[in-house]
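Please treat every number below as a calculation from the coordinates, not as lab data. These numbers come from a predicted model, not from an experiment.
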């Protein structure tokens, strides 16, 4: 049994560090995924608001369109 302790002493810190690294990387990736999702939702909301404003402008003043040159 005395032979096992040096090996355990060498492996336990490695396992601890590997587990810690895994957890940290998992959290980073999840955070990035959530941030991208929030950014996409924000941009979709902005696009919808811009489209609604544009439709409102067009319906309020239909003669205010760009006329072709020529």
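Calculated mean residue ellipticity, 222 nm, the chain: -30500 deg cm²/dmol, from DSSP H runs (n ≥ 4) at -39500 (n - 2.57) each, averaged per residue and rounded to 500. Rounding to the nearest 10 and keeping the result within 0 to 90°, find how far the Cα-based axis of helix 4-60 lies from the longest principal axis of the chain. For 4-60 against the chain, the angle is about 10 degrees. Length available on full extension from residue 46 to residue 5: 0.36 nm per residue minus the Cα-Cα distance, which gives 8.6 nm.
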